[in-house]
Amino acid sequence: MTRSAAEILQNFYLELRDRNTSADGTPITARQLESLVRLAEARARVDLRDEITEQDALLPSSSYTRTQTSRSRV
């Protein structure tokens, strides 16, 4: 994982932790960070890369934000 990709995931996770809970009231734990990393790894594998780039790290964070936004509307 590149340093910039790690920073993107770390900053997104810390932002989630600062908000303390997800849209449905579930506390944010290290498990969510692990999920973000797994999604970024999967994105890198789709492009047949061994290293996670910034682009790979941005996908899970934007997907998570969109999912939580759509859940809060329901």
- Task: Please specify each residue of segment 7-20 satisfying the condition of being over 9 Å from the mean Cα position of the chain (by Cα) and modelled with pLDDT under 95.
- Result: Asn11, Leu14, Glu15, Leu16, Arg17, Asp18, Arg19, Asn20
- Message: Out of the residues in segment 21-74 meeting the condition of being modelled with pLDDT under 75 and assigned to a loop (DSSP other than H, G, I, E, B), tell me which one is surrounded by the most Cβ atoms within 10 Å (Cβ to Cβ).
- Response: Ser22
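The values are calculated or read from the model by the stated rules, or taken from the named source; none is laboratory data. All of these numbers come straight from a predicted model, not from anything done at the bench. Here the Cβ is made from the backbone with ideal geometry for all residues, glycine too, and neighbour counts use every protein chain on show.
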